[in-house]
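Below is one structure, written out as structure tokens; the observations come after it.
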Amino acid sequence: MISRVLSADLPAHVGERVMIAGWLHRRRELKSVTFLVVRDRAGLAQVVLSQGTSCDLPEETVVLVRGVVTANPQAPGGAELTQPTVTALSGPAVAPPFDLYRPTLTATLPTILDHAPTTLRHPRLRAGLEISAASVAGFRAALDGLGFTEVFTPKIVESATESGANVFRLDYFGRPAYLAQSPQFYKQAMVGVFERVYEVAPAFRAEPSDTVRHLAEFTSLDAELGFITDHREVMEVCRDAVAGMIDLVRERAQPAVALLGCALPSVPEQIPYLHFADALELISAGTGEDVTGELDLAPAHERWLCEWSAREHGSDLLFVHGYPLASKPFYTHPDPARPGYSRGFDLLLRGTEIVSGGQRLHRHDDYLAALAARGEPAGPYAGYLQVFEHGMPPHGGFAIGLGRWTALLTGAPNVRQVTAFPRDLNRLSP
Ligand code: AMO
């Protein structure tokens with residue numbers, strides 16, 4: 001029995017008879033010789049059929065190939081398989097609707113998404129997912145190194161966390177329930193247990209708008225930490241998490257980065273930051289458009305600020321902090337020094353918001369007052385408010401949207417291109 005060798009390891013086995021396994025990526029029939037290209041998790045292997053033999057299996061058939069590893073500088077990695085015997089493992093496949101061996105898929109995005117189980121096998125689409133995976137590993141590694149504990153909290157919940165509008169309702173044994181828009185309440189509760197926690201999990205938003213950066217389900221990288229003085233400390237941890245993500249992308253996903261030609265942002269020791277009010281003044285002065293009094297940043301203004309940050313600070317990343325309280329959720333801590341403003345922040349990367357965060361309220365009475373000020377009844381939040389009846393330290397946290405992050409790293413214009421099986425207003429399948 002010959003054991004399996006991965007495509008990338010073939011050069012170490014020159015002269016040996018080995019077995020490779022994978023998908024028939026491409027069949028190339030030249031006048032005098034037929035090549036098979038086999039794709040496995042490590043890359044591509046070239047197989048040269050012996051003269052007089054042929055292979056009529058369609059592309060994407062799962063195959064085992066036994067053969068002799070032969071050095072050939074023209075083959076991927078410098079070695080190929082000769083004198084092969086090819087066994088179809090799953091029987092001949094149906095020919096795929098796309099030529100996955102072409103450098104790029106030329107179909108429209110909806111068509112690519114309709115065929116996601118197959119199209120995700122394309123090296124360029126797969127590369128985006130590899131970069132996501134490395135990013136998450138980096139997020140975990142950075143926070144593990146800072147004394148955080150990973151937590152797992154429910155996604156079926158009794159109240160909205162972010163706003164009442166874009167929440168998916170469920171019938172929960174005859175009672176109303178919701179899909180969690182974020183782990184916000186639970187990550188705060190878990191600060192009472194561990195002080196520092198993070199969670200990597202899906203978040204659900206019934207987003208009514210069809211944009212390139214909104215999905216109905218996305219992966220949220222959340223962190224929350226106690227015993228802070230203000231939101232600046234949260235921004236420092238956020239910076240370290242982002243730096244850790246870039247480090248692991250560089251380390252683990254180098255082939256994907258090279259294939260997609262990603263220019264990874266460098267993360268400065270201190271990411272430049274601007275107060276929201278100063279940001280509005282800059283935008284007004286820089287664009288000639290009067291934006292004073294705005295409560296939030298329009299996408300065009302986020303883009304303008306990032307161009308400014310790249311010009312002035314040489315940074316693709318920019319924190320905007322001190323958003324008006326009115327534009328942030330009820331749990332956001334006000335800025336005691338600037339009435340009307342909060343200790344909430346966003347992190348912008350290359351023109352798009354990828355992170356929201358801030359310091360939270362931590363006293364029970366402050367929560368009751370904040371809900372009352374927004375005209376919201378406290379009843380639906382009973383489970384959440386319980387946390388603050390039993391002593392909570394000043395705390396804060398943030399959440400990074402994985403799809404947006406990966407899209408910005410890879411230059412994908414749409415989060416759907418870097419999300420496996422995206423869910424949106426119009427898409428529930430595959
Ligand atoms: P927020 O609602 O801003 O904050 O979400 C945090 C980050 O998640 C991403 N994001 C989305 N990505 C894709 N599709 C969507 N519909 C979508 N909505 C949000 C963005 C965004 O920056 N609880 C707070 C976080 C906190 O304060 O800790 C929250 O959920 O990248």
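The values are calculated or read from the model by the stated rules, or taken from the named source; none is laboratory data. Computed from a predicted structure; not experimentally measured. Positions of Cβ are generated from backbone atoms using ideal geometry, with glycine treated the same way; all protein chains shown enter the neighbour counts. Calculation scope for accessible area: heavy atoms of the full protein, side chains included, ligands and nucleic acids excluded. Shrake-Rupley method; radii C 1.70, N 1.55, O 1.52, S 1.80 Å.
Per atom type, the chain shows carbon and sulfur on 53% of its accessible surface, probed at 1.4 Å. Extension gain for residue 421-residue 8 works out to 145.9 nm (0.36 nm per residue, less the C-alpha to C-alpha distance). Relative to the dominant Cα principal axis of the chain, helix 364-373 is inclined by about 90°. Based on C-alpha pairs under 8 angstrom that are at least 6 apart in sequence, the chain has a relative contact order of 14 percent.
To the nearest 0.05, what FRET efficiency results for residue 158 and residue 87 with a Förster distance of 60 Å applied to their C-beta separation? Once rounded, the FRET efficiency stands at 0.65. Taking a straight line from the alpha carbon of residue 155, these lysines sit under 18 Å away, with near neighbours fewer than eight places off in the same chain left out: 187. Ranked from largest to smallest solvent-accessible area, with a 1.4 Å probe on the protein heavy atoms, 20, 156 come out as 156, 20.
Note that the chain presents 46 Å² accessible area per residue, ligands and nucleic acids not counted, probe 1.4 Å.
Remark: the residue 41-residue 294 segment gains 86.1 nm on full extension, using 0.36 nm per residue and subtracting the alpha carbon distance. Compared with the dominant principal axis of the Cα atoms in the chain, helix 299-313 is inclined by about 80°.
With equal scatterers on the alpha carbons only and no solvent term, can you work out the Debye log10 of I(q)/I(0) for segment 7-88 at 0.14, 0.17 1/Å? So the normalised log intensities work out to -0.38, -0.57. Seen from residue 105, the other residues with C-beta closer than 11 Å to its C-beta sum to a net charge of +2, counting Lys and Arg as +1 and Asp and Glu as -1. Note on residue 56 and residue 165: their simple-model spin labels are 6.1 nm apart, each label 7 Å out from Cα toward Cβ. For segment 255-298 versus segment 324-350, the spacing of their alpha-carbon centroids is 17 Å. Axis of helix 123-145 versus longest Cα principal axis of the chain: the two differ by about 50°, to the nearest ten degrees. Each Lys or Arg adds one and each Asp or Glu takes one away; over the other residues whose Cβ falls under 12 Å from the Cβ of residue 306, this sums to -3.
When the Gaussian network model of the chain links Cα atoms closer than 10 Å, the mean-square fluctuations of 12, 370, 79 top out at 12. Direction-averaged projected area, Cα convex hull, the chain: 25.8 nm², rounded to one decimal. Could you identify which residue out of 187, 31, 155 has the top mean-square fluctuation in a GNM of the chain using Cα springs shorter than 10 Å? With Cα springs under 10 Å in the chain, the top fluctuation among 187, 31, 155 is at 31.
The Cα center of segment 1-49 and the Cα center of segment 358-409 differ in position by 54 Å. Taking other residues whose beta carbon is less than 11 angstrom from the beta carbon of residue 22, and scoring Lys, Arg as +1 and Asp, Glu as -1, yields +2.
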